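Participant: Have a look at this one.
The values are calculated or read from the model by the stated rules, or taken from the named source; none is laboratory data. Not measured: the values here are computed from a predicted model. FYI the Cβ positions are ideal-geometry reconstructions off the backbone, even for glycines, and counts take in every protein chain you see.
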Amino acid sequence: MLIDACTRVKFSAIVAMARVYLRQVIAGLTVLTLVVSALSCRAPATNGEFYGKTTPPAGNVLRYVTGDEPESLDPHLTTGQPEGRIFMALYEGLVEYHPKTMEPIPAVAERWHVNRDSSEFVFHLRKNARWSNGDAINAHDFLYSFRRGLSPEVASRNANLAFYIKYAKAYNSHAAFVRDPQTNEYLLEKNFADNAKPGTPAEPLSQAPLKPSEQEYPATAEEPTGDPDTAFHRFMHSPARLTLPGDAQQRNELLASNPKLQAAVAGKDFVPVTGEDIGVEAVDDYTVRISLSQPAPFFAGLLANQFFRLVPRKAIEKYGDQWTEPAHIMTCGPFRLKSWKRYSEIVVERDPMYWDAANVKLDQIFFYPMNDNPTTMNLYQVGEIDSALNHVVPTRWLDVVRQKKDYMEGSEAAITYILINVTQPPMNDLRVRRAFNMAIDRNAWATSRQVVKPLTAFTPEGIFNGYPRPKGDDFNPEKARELLAQAGFPVTKRDDGSFSCPKFPVDKVEYTFNTNSANKTMAEFMQAQWKQMLGITVQLRSMETKSFFPARANLEYKGFALGIWGADYMDPFTFLNIFSNPTGDNGSGWFDRKYADMLDEANHMVDKQKRYELLARAEKYLLDAQPIIPIESAAVNFVKKPYVKGMYPNAGSLYPWKFVYIERDPAKWDYGTPSLTE
């Protein structure tokens, strides 16, 4: 999941204890703050054990700064963490994140069970789940939501998260089955195992033959018998069908490279893979069965991601792209949308139709879109907000804020990295990519940031116990200059000790990032590093967040683009999977079938440690290909008023809002970071 960046900072000094209205906060948002008279790089001095006021709001409400303005309120159209937190108020799926561990807990599904090799999951839905308009939720709502999210027309950047589901990737990529019109039989994947060529997406691996229900689902006290067998279930357990590109030109190119395959498909029909073919079945109105193309023991946890949350067919079919407008929207979470003033605030209110409404503790949540961290901290100090997004405390303020009992800290399953557009010169040369990577002093960067650790791998440090995380190249500017010379861009040393690289095409390389003071700080650091170590000045390009992510996904940038990713579930694969598919949030243009196959092989391993070893081997392969430059492992770094309870600094910085409440008894407040284990 794309996550918030950390912000660097300048703060306004206090003058004459005056308070004025801050008119430059998000358009239309009028709040109290301090008069600006001078700029300082230090946080204001504060007395007491907390950072600023600790008077609870008058109403039973939470006021929270989310980060950037939401790209959309459609869970299928965004991948960002700011949107993800709002979606956790408005929408629910089969499961929800546990507020401390981020493990899956029941949501619309009251229970589920898994077959022996974690390749099939059966979810039993609660019968009192409702949409915000009172309509009942059933298994067919999940069929619609999954099929819509995977549809090529929606073009969700998160669709690859569902590619474990049988035929999901084929459907999403406009692929087609191959059918013999004489026998009505389909060609099978296992008979053409060598049909793929480099650069084509890996197709699902064959499913194991259907087993008797007592073998597929071991009996438990809750589930003494298996779920009913159906024709669709037998289809899911039959050998995987061969799929080929639906586009005639792409298909013909593939066939031309494989005479055996070309002969086999002669005279055959190409049948488009449809949403009805993907492995999601409504066994009955309150049972959803999901068949995967491979074992995925982490799959239940993945289903808490925003991509798998329900969207309303009735509203979408009636209002089209306008279905998320406040007058049209239907939701299914603990809260419903009350109002949305763009670039100002989103207000949600407790939904009386929600199945667990009696245990939802807040009446309203005010989500404020804001990406200026100093302003956010000002508002927090004077008591205008109750908490804010992760990474909100500016680096220069840490010495002051870190000592306070409302400062939240902990390990975070998140990384910051730089994407490289490998489809364009000069960055299509591995030597050039490695040179830019080795010219960055990550230790210096981490020291300046104070709350992060330098990163040379693509998985975060200290999160996945037992995972043998590989190591990438360290800072080595001399080697970096040698690699540039080998690529045809010699670096010369001037008399003053600086470097010059006159042959490097600086007009073909930029560093693109979404507008945020923290992102700009990082961009300027990288620009300075490359100038100092390589003699190359890379121009910086800032874009509005809503434009940045689509542009990055479509490779509409030159050279480098910022990447920040937080775990969608607690497994290394949540990071490595980004590059298992050439589309979505890959954003680099790099795809290697061997890498995808290495990940598939790992996920077929039942033994956890052996699986970890194979995943680490794939990660090393990714690092050696260098479509990315790892920069840092992140850490939790935000503030929360002591009276805000039920909100924990978990590793994903995602909060199930139904558990959050305002505690008015100071004896029950949080005096420090709340425990994640108690």
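Participant: Looking only at residues that are closer than 14 Å to H391 by Cβ and among the hydrophobic types (A, V, I, L, M, F, W, C) in the range 447-464, which one is surrounded by the fewest Cβ atoms within 10 Å (Cβ to Cβ)?
Facilitator: That would be V451.
Participant: Follow-up. Which residues, counting only those in the range 268-282, are touching a helix residue (DSSP H, G or I) at 6+ places or on another chain (Cβ under 7 Å) and either among the hydrophobic types (A, V, I, L, M, F, W, C) or modelled with pLDDT under 95 (or both)?
Facilitator: V273, I278, V280, A282
Participant: Starting from the range 188-199, keep only residues that are more than 13 Å from D597 (Cα to Cα) and of a type in the set (K, R), then list their pairs with residues that are surrounded by 12 or more Cβ atoms within 10 Å (Cβ to Cβ) and at pLDDT below 85 whose Cβ atoms are within a distance under 9 Å, requiring at least 6 positions of separation or different chains.
Facilitator: Partner pairs satisfying both residue conditions: K190/S206.
Participant: Here's something else I'd like to know. List every residue pair whose Cβ atoms lie under 7 Å apart, where the two residues are 6 or more positions apart in sequence or sit on different chains, the first residue falls within the range 326-348 and is over 16 Å from R130 (Cα atoms), and the second residue, located anywhere, is surrounded by fewer than 24 Cβ atoms within 10 Å (Cβ to Cβ) and of a type in the set (D, E).
Facilitator: Note: pairs meeting the criteria are K338/E349; R342/E69; Y343/E69.
Participant: Which count do you get for residues in the range 315-337 that are surrounded by 15 or more Cβ atoms within 10 Å (Cβ to Cβ) and outside any loop (DSSP other than H, G, I, E, B)?
Facilitator: Residues meeting the conditions: 6.
Participant: Continuing with this model, one more query. Can you list residue pairs whose Cβ atoms sit under 9 Å apart, with the first residue in the range 135-158 being part of a loop (DSSP other than H, G, I, E, B) and the second being of a type in the set (K, R) and surrounded by fewer than 19 Cβ atoms within 10 Å (Cβ to Cβ)? Count only pairs 6 or more apart in sequence or on different chains.
Facilitator: Note: pairs meeting the criteria are D135/K314; I137/R126; I137/R130; N138/K127; V154/R148; S156/R148.
Participant: If you go through the range 248-269, how many residues are out of contact with any Phe, Trp or Tyr (no Cβ under 8 Å at 6 or more places or on another chain), loosely packed, with under 14 Cβ neighbours inside 10 Å and touching a residue at least 60 places away in the same chain (Cβ under 8 Å)?
Facilitator: Total meeting the criteria: 3.
Participant: Can you go through N133, N172, N138 and tell me which one is buried (at least 24 other Cβ atoms within 10 Å of the Cβ) and at pLDDT 95 or above?
Facilitator: The unique qualifying residue is N172.
Participant: If the requirement is being modelled with pLDDT of 50 or more, out of contact with any Ser or Thr (no Cβ under 9 Å at 6 or more places or on another chain) and not assigned by TED's automatic domain parsing to the domain that holds L150, which of these qualifies: P56, P99, P104?
Facilitator: P56
Participant: Here's another thing I want to ask about it. Out of everything in the range 75-121 that is surrounded by fewer than 22 Cβ atoms within 10 Å (Cβ to Cβ) and acidic (D, E), what residue ends up being nearest to the chain's Cα centre (by Cα)?
Facilitator: E103
Participant: While we're on this one: Under the condition of being among the acidic types (D, E) and in contact with a Phe, Trp or Tyr (Cβ under 9 Å, 6 or more places away or on another chain), which residue from the range 59-85 is modelled with the highest pLDDT?
Facilitator: It comes out as D74.
Participant: Moving on to the next point. Go through the range 388-447 and give me each residue that's more than 29 Å from Y655 (Cβ to Cβ) and at pLDDT below 95.
Facilitator: T447
Participant: Hey, another quick one. Got a number for residues in the range 624-643 being at negative phi and more than 20 Å from the chain's Cα centre (by Cα)?
Facilitator: Qualifying residue count for the region: 7.
Participant: Do we find a residue being part of a loop (DSSP other than H, G, I, E, B) and closer than 26 Å to G559 by Cβ anywhere in the range 621-639?
Facilitator: Yes, some residue in the range 621-639 is part of a loop (DSSP other than H, G, I, E, B) and closer than 26 Å to G559 by Cβ.
Participant: Also: Looking at D284, D372, which one is more than 22 Å from Y91 (Cβ to Cβ), among the acidic types (D, E) and buried (at least 16 other Cβ atoms within 10 Å of the Cβ)?
Facilitator: D372
Participant: Hey, another quick one. Applying the selection to the range 483-519, what residues are without any contact (Cβ under 8 Å) to a residue 40 or more places away in the chain and not in a loop (DSSP other than H, G, I, E, B)?
Facilitator: A485, K493, F499, S500, V506, D507 - these are the residues of the range 483-519 that are without any contact (Cβ under 8 Å) to a residue 40 or more places away in the chain and not in a loop (DSSP other than H, G, I, E, B).
Participant: Quick one: which residue in D670, D571 is in a loop (DSSP other than H, G, I, E, B), within 18 Å of P295 (Cα to Cα) and either touching a residue at least 40 places away in the same chain (Cβ under 8 Å) or among the aromatic types (F, W, Y) (or both)?
Facilitator: Of the residues listed, the single one that is in a loop (DSSP other than H, G, I, E, B), within 18 Å of P295 (Cα to Cα) and either touching a residue at least 40 places away in the same chain (Cβ under 8 Å) or among the aromatic types (F, W, Y) (or both) is D571.
Participant: Filter the range 377-400 down to residues that are farther than 23 Å from A413 by Cβ and of a type in the set (S, T, N, Q) and give me whichever is surrounded by the fewest Cβ atoms within 10 Å (Cβ to Cβ).
Facilitator: Among them, the one singled out is Q381.
Participant: Also, I was wondering about something else. Let me confirm something: among E253, E276, E222, which residue is charged (D, E, K, R) and in a loop (DSSP other than H, G, I, E, B)?
Facilitator: That would be E222, the only listed residue that is charged (D, E, K, R) and in a loop (DSSP other than H, G, I, E, B).
Participant: Just name the residue that is modelled with the highest pLDDT out of those in the range 225-237 that are in a loop (DSSP other than H, G, I, E, B) and touching a strand residue (DSSP E or B) at 6+ places or on another chain (Cβ under 9 Å).
Facilitator: The qualifying residue modelled with the highest pLDDT is T230.
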